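Here is the structure we will look at.
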Amino acid sequence: MINDKPKRDNARRSTDGRQLTRREGRRYAAFIALLFLGLAAASGGLHARQDATVASVAAVDSAAVASTDAMEPGAVNINTADARALAAGLTGIGVVRAEEIVRYRETYGPFSTVEELAEVTGIGKSTLDNNRSRITLE
């Protein structure tokens, strides 16, 4: 007996019709989960503790924006800026390296000189030289 039915294709497809990779599928699933959580939070479906966390994150974000607005344009205070501000304001510094800067600062305290930034893993002399005019300590 011959089965004339075509095989069923269960692969997820993107909007242009190509098959999603495993990584893209995971990102898609994570996006859907975050979207669902956002809708649940908007409808009041989450507990007060989680709502308080969202409020505190929003307060920290607004404080960071206020502190970076006070500086001259293009300058980044490496002693107060968060990882996102460091990554946006410094050339050759991505989010991962910016998080390393913040981690170093939390471990060893504020930077006393611009040259001390070179002690952070992954930041060399050329990265420091390229950003020297953008870095402030106060």
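Residue by residue through the stretch 88-111, note down the ones that are of a type in the set (S, T, N, Q) and surrounded by 10 or more Cβ atoms within 10 Å (Cβ to Cβ).
To start, the set of residues in the stretch 88-111 that are of a type in the set (S, T, N, Q) comprises 91, 107.
Matches in the stretch 88-111: none.
Every residue in the stretch 109-138 that is assigned to a helix (DSSP H, G or I) and among the β-branched types (Val, Ile, Thr), please.
If we filter the stretch 109-138 for residues that are assigned to a helix (DSSP H, G or I), which is where we start, we get 114-119, 125-131.
Within the stretch 109-138, Val114, Thr127 meet the criteria.
Can you name the number of the only condition in (1) without any contact (Cβ under 8 Å) to a residue 12 or more places away in the chain; (2) touching a helix residue (DSSP H, G or I) at 6+ places or on another chain (Cβ under 8 Å); (3) not aromatic (Phe, Trp, Tyr) that Ile93 fails?
Result: Ile93 fails condition (1) only.
Which one of these is farther than 16 Å from Val76 by Cα and either loosely packed, with under 12 Cβ neighbours inside 10 Å or touching a Pro at 6+ places or on another chain (Cβ under 6 Å) (or both): Glu115, Glu119?
So the residue among Glu115, Glu119 that is farther than 16 Å from Val76 by Cα and either loosely packed, with under 12 Cβ neighbours inside 10 Å or touching a Pro at 6+ places or on another chain (Cβ under 6 Å) (or both) is Glu119.
Values in this text are rule-based calculations from the coordinates and carry no lab data. Not measured: the values here are computed from a predicted model. Methodologically, a virtual Cβ is constructed for each residue, glycine included, from the backbone with ideal geometry; neighbour enumeration extends over all protein chains shown.
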